[in-house]
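The values are calculated or read from the model by the stated rules, or taken from the named source; none is laboratory data. These figures come from a predicted structure and were not determined experimentally. So basically every Cβ, Gly included, is an ideal-geometry build from the backbone, and we count neighbours across all protein chains shown.
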2 protein chains.
Amino acid sequence: MTTYTAINLIKRPIAGEPINAELFAVVQKDIPTLGEGEFLVKQNYMSLDPAMFGWMSPDTNSYIPPVALGDVMRSSGVGEVIESNHPEFKVGDRVMGIMGWQEYFLSKGQGLNKITVPLPDETILSVFALPGLTATQGLFNVGKPKKGETLIVTGAAGSVGSIVGQLAKAEGLKVIGVVGTDEKADWIVNELGFDAAINYKSDDLDGQLAKHAVDGIDLYFENTGGPIQSLIVDRMNAHGRVVVCGLIADYDKEVPTPGPSWINVIKRRLTIQGFTMPDHFHEVPALLEKMTPYVMAGKIKHRSHVLEGLESAINGLNLFFTGENKGKLIVKL
Amino acid sequence: MTTYTAINLIKRPIAGEPINAELFAVVQKDIPTLGEGEFLVKQNYMSLDPAMFGWMSPDTNSYIPPVALGDVMRSSGVGEVIESNHPEFKVGDRVMGIMGWQEYFLSKGQGLNKITVPLPDETILSVFALPGLTATQGLFNVGKPKKGETLIVTGAAGSVGSIVGQLAKAEGLKVIGVVGTDEKADWIVNELGFDAAINYKSDDLDGQLAKHAVDGIDLYFENTGGPIQSLIVDRMNAHGRVVVCGLIADYDKEVPTPGPSWINVIKRRLTIQGFTMPDHFHEVPALLEKMTPYVMAGKIKHRSHVLEGLESAINGLNLFFTGENKGKLIVKL
């Protein structure tokens, strides 16, 4: 075999329309010959993440440049070094990092981290890669949780939200998760140990909040947006913190939904802070060190929704909008 | 003279209706006899502040308890000690602090600060009291300004906004002020030295922002709310900070206006933080120390809008909604 398959982005998605095959070109590329200091990774699994909608969009004000049209679609993945001219990456090493929608990846090592924990590839991508790093950075470094506080997390059965809630439980917080199906509600309460779940499709969202957040809300980890946003802010305690990590409900809207009035920001002296991982890639080793004990102690359960084959990534992205994915979306190559 | 006049709050204001005399009772009280450790202050000037709308409202979620019905209306003022059984407050000492809508105030010293700078009472109330403390806390401790950054402040001719802008200019920032009249625009640019002024009643707010904030906005000090809010957030730079200090445009609304979408909070990694001074009263000495050099160096100009007589306070509050006040509203007793 001298060629491999890659998928390039060739058109930008239109707000409100599903992702479809016309946005991409599936191409064959020659497997490259290694230069000095280079190594070749065979990618085994790659991750699908909501951040991809930002990467595909033309908005130049986003936190990292969009994928250029004609370039391979950006993604993180795990793989194995199969050939190496690099002193620190040996054949057989397992690595993770940004490799894109392709079967092989030529690297000089920049941005790739070696995997040293004895966990399967699926777990690495579902916990140690972007989801776990994002959850750890957002919860601890932005949210600054304190034992005994009440945390609410939206997208609570999602890849980031499920880890946020479990980390917060391990830290001694009361944790309420917001989800979109009863099955997910059941999973986060009965499998992950959340204190309560609220289905955002409920007719009585505010009543649900009143029932479960009896002492108000100190920490709000936002992954989704939607009408529950203002109701949650209305129930926040003085000096509450909002960690704004994702707004999946708004990514396909041309005009974003307004946010909560700032009246409560004054009255309750709230802090609302946004963050994205690319600002913190240099902190990945410290974040991994923070997260590893929780994972190795079995406190972070996860489930993966595995799609088969590189091209399944394209339609796979639409599962974020329908909410039909059951667990972290990953693609097996 | 054995009695003095005080004004009690007896009804709560109705959202959307002007403040009127029926909300208050003007009463005569006996001048009290001093107990051990007490002293009597004759109040000379008292301050009218937008925070008063919060203090009058029934909302129990506000940052300090509302004024109880039947109690004297809350306000800060300056006065002179005229009788004392207190070791640290002597007859003739000038003091400032929360004394309420009344001619005399009996104190044990708690919450009152001695005035040691040789400045007139009007200047003390317009700069050193709540407005200057609020501006100093919000700009430096919440906003963390850096030389060369662009700051925008709403309510820029107001008591807090005018000081925020002048402090920021003294720190080497580019300062844009948002005001509601051309006269105020002229004052902040030509008298206070702001770099630019925008009248929020302009037809082309976004064009005005584009013209004056050519490098985007790093720091947004919010005193008013209103439709310019979302336009400003749309022009904020990465890692921008929003200091939410006041929302005068919303204080008389039953349903507060929605805020900006949190999409930019993620994309630009913004921090939106509310604060109110009662959380920081213990820091007043440090704040005065920070502010004093700017004032004594003549860098903080101000103008006062003086109303005559205790009862003028009642209608005076409505000037906040009409924007007709020219400078810091104070009442001469």
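Kindly evaluate residue B:4 against the criterion of being surrounded by 19 or more Cβ atoms within 10 Å (Cβ to Cβ), more than 17 Å from residue B:316 (Cβ to Cβ) and either in the same structural domain as residue B:99 (by TED's automatic domain parsing) or in contact with a Phe, Trp or Tyr (Cβ under 9 Å, 6 or more places away or on another chain) (or both). Here the answer is yes, as residue B:4 does meet what is asked. Of everything in region B:23-48 that's charged (D, E, K, R) and either in contact with an Asp or Glu (Cβ under 8 Å, 6 or more places away or on another chain) or closer than 18 Å to residue B:309 by Cα (or both), which residue is nearest to the other protein chains (Cβ to nearest Cβ)? So the residue we want is B:29. So, residue B:13, is that one within 14 Å of another protein chain (Cβ to nearest Cβ), under 23 Å from residue B:330 (Cα atoms), in contact with an Asp or Glu (Cβ under 9 Å, 6 or more places away or on another chain) and assigned to a loop (DSSP other than H, G, I, E, B) or not? When the stated conditions are applied, residue B:13 does not pass them. The residues in region A:67-89 that are closer than 25 Å to residue A:132 by Cβ and part of a loop (DSSP other than H, G, I, E, B) can be counted, and the count is 6.
Scan region B:255-274 and give yes if some residue there is more than 10 Å from every other protein chain (Cβ to nearest Cβ) and surrounded by fewer than 22 Cβ atoms within 10 Å (Cβ to Cβ), otherwise no. Checked against the condition, which is being more than 10 Å from every other protein chain (Cβ to nearest Cβ) and surrounded by fewer than 22 Cβ atoms within 10 Å (Cβ to Cβ), region B:255-274 yields no hits at all. Going by what's in this entry, would residue A:243 be described as under 30 Å from residue B:225 (Cβ atoms), within 11 Å of another protein chain (Cβ to nearest Cβ) and touching a Phe, Trp or Tyr at 6+ places or on another chain (Cβ under 6 Å)? Yes: the conditions hold for residue A:243.
On the basis of being under 23 Å from residue A:123 (Cβ atoms), hydrophobic (A, V, I, L, M, F, W, C) and within 14 Å of another protein chain (Cβ to nearest Cβ), does residue A:51 make the cut? Taking the combined requirement at face value, the residue satisfies it.
Checking each residue in region B:213-238 for being of a type outside the set (A, V, I, L, M), touching a helix residue (DSSP H, G or I) at 6+ places or on another chain (Cβ under 8 Å) and either within 11 Å of another protein chain (Cβ to nearest Cβ) or crowded, with 17+ Cβ neighbours inside 10 Å (or both) picks out B:220, B:221, B:222, B:223, B:224, B:225, B:226, B:234, B:235. From the list A:95, A:67, the lone residue that is closer than 30 Å to residue A:255 by Cα and either among the polar types (S, T, N, Q) or not assigned by TED's automatic domain parsing to the domain that holds residue A:135 (or both) is A:67. Pairs linking a residue in region A:273-290 that is under 22 Å from residue A:248 (Cβ atoms) to a residue that is modelled with pLDDT of 95 or more and surrounded by fewer than 18 Cβ atoms within 10 Å (Cβ to Cβ), with Cβ atoms under 9 Å and 6 or more positions apart or on different chains, are A:275/A:141; A:279/B:238; A:279/B:239; A:280/A:141. Taking the criterion of being over 20 Å from residue B:331 (Cα atoms) and surrounded by 20 or more Cβ atoms within 10 Å (Cβ to Cβ), the residues of region B:85-119 that qualify are B:89, B:107. It is to be established whether one or more residues within region A:291-301 are surrounded by 21 or more Cβ atoms within 10 Å (Cβ to Cβ), within 14 Å of chain B (Cβ to nearest Cβ) and not in a helix (DSSP H, G or I). The answer is no; no qualifying residue exists.
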